[in-house]
1. So, in segment 168-184, of the ones that are modelled with pLDDT of 85 or more and polar (S, T, N, Q), which residue ends up surrounded by the most Cβ atoms within 10 Å (Cβ to Cβ)?
2. Looking at R57, R40 in this structure, which one is in contact with a strand residue (DSSP E or B) (Cβ under 9 Å, 6 or more places away or on another chain), basic (K, R), open to solvent by 60 Å² or more (accessible area, probe 1.4 Å) and at pLDDT below 95?
3. Exactly one of these conditions fails for S95: (1) surrounded by 18 or more Cβ atoms within 10 Å (Cβ to Cβ); (2) free of Cβ contacts under 8 Å to residues at least 24 places away in the same chain; (3) touching a helix residue (DSSP H, G or I) at 6+ places or on another chain (Cβ under 7 Å). Give me its number.
4. Output the qualifying pairs, or none if there are none: Cβ atoms under 8 angstrom, residues six or more apart or on different chains, first residue in segment 104-132 and open to solvent by 100 Å² or more (accessible area, probe 1.4 Å), second residue of a type in the set (A, V, I, L, M).
5. Limited to segment 77-114, what total is found for residues that are farther than 18 Å from G131 by Cβ and of a type in the set (K, R)?
6. Applying the selection to segment 63-81, what residues are in contact with a Ser or Thr (Cβ under 7 Å, 6 or more places away or on another chain) and open to solvent by less than 30 Å² (accessible area, probe 1.4 Å)?
7. If I go through segment 147-183 residue by residue, how many of them are assigned to a helix (DSSP H, G or I) and of a type in the set (D, E, K, R)?
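The values are calculated or read from the model by the stated rules, or taken from the named source; none is laboratory data. These numbers were taken from a predicted model, which means no experiment stands behind them. Cβ atoms come from the backbone with ideal geometry, glycine included; neighbour counts cover every protein chain shown. Quick note on the areas: whole protein, heavy atoms, side chains included, nothing else; ligands and nucleic acids left out. Shrake-Rupley method; radii C 1.70, N 1.55, O 1.52, S 1.80 Å.
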Amino acid sequence: MASPAAPGILMRAHSGATYRFDPGALCLELLTTKGPGAFRRHETLHAPEDLAAWAGRSRLTPTPVLEVSAADVAHARRLRDALFRVATARAEGGSAAPADLGTVNEAAARPPLVPAVGPDGERRWARGCDGPGLLSTVARDAVELLTGPFAHRVRVCASDNCHLIYVDTSRPGRRRWCSMEHCGNLHKVRTLRARRAADERDG
C-alpha cells in the first residue's frame, strides 16, 4: 500500500464540524468520494478536476500532475463503486461479486503511475501521469490490501449512521471507529449521557 503523505483526509460531518479520517490505504481513500446506491446523492466526482483534486488530498506523494478526461471520471466512479462493495463484503465476512473483482483486476492490469527520482534527489512521478494510471495505482493498492496480511482487518465504522470503511493497522487490532475525533467521541458522549441518565433513575 502507498505510504501516507498526511494523517488522513479532512472530512466534514453533518454538523459542519471537520475531522481527519485515515482509512489506512489509498484504495479506501477513494471511497470517501461516496459510492453506489443510497450514497450516490453525495457524489463528489463529477468532472476531471474533481478526480485530480481527490488525488491531491490522497496519500500519493508528491501530488501527481494529472491529465484526466471525462471518461476517466466515469471509470473512477465505476472502480470506486466496485471497491466499495468488495470492501464491504470483506468487512462483513462475505464474498465479493465476481463482476466487482473483475472491475478491480481490469483496472490493476493497466500501467500504473511510475515513481522516479528527480535531479534534486526528490521523489517525483515519471511523465505520462493520466487518469488510467491513477486508477491502476488505486486498484493495485486494493489488490495488495485484499490479498495481504491486513485483509481480515478491513472494517466498517461501528457507528450506526457512519459507513466509512478502513483497514485497522493498529497493533492490537481493536479499532472500531472511523475516527476517535468524530464517531469515537460521539459514542463516548452518548455512553456518558446514558450512564448519567441511568444513575439519575436509580438514584
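1. T169
2. Values: R40 fails: in contact with a strand residue (DSSP E or B) (Cβ under 9 Å, 6 or more places away or on another chain).
Of the residues listed, the single one that is in contact with a strand residue (DSSP E or B) (Cβ under 9 Å, 6 or more places away or on another chain), basic (K, R), open to solvent by 60 Å² or more (accessible area, probe 1.4 Å) and at pLDDT below 95 is R57.
3. With respect to (1) surrounded by 18 or more Cβ atoms within 10 Å (Cβ to Cβ); (2) free of Cβ contacts under 8 Å to residues at least 24 places away in the same chain; (3) touching a helix residue (DSSP H, G or I) at 6+ places or on another chain (Cβ under 7 Å), S95 is out only on (1).
4. Correct list of pairs: R123/A116; R123/V117; R124/A116; R124/V117.
5. Matching residues across segment 77-114 total 2.
6. Our first condition is that a residue be in contact with a Ser or Thr (Cβ under 7 Å, 6 or more places away or on another chain); within segment 63-81, this holds for 78-80.
The answer is L79, R80.
7. At the first step, the residues of segment 147-183 found to be assigned to a helix (DSSP H, G or I) are 147, 151-153, 180-183.
Subset that is of a type in the set (D, E, K, R): 153, 181.
Result for segment 147-183: 2.
For (1) in contact (Cβ under 8 Å) with a residue 60 or more places away in the chain; (2) small (G, A, S), each residue gets a yes or a no:
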site: F21; (1), (2): yes, no
site: R40; (1), (2): no, no
site: E43; (1), (2): no, no
site: R57; (1), (2): no, no
site: L66; (1), (2): yes, no
site: S69; (1), (2): yes, yes
site: R80; (1), (2): no, no
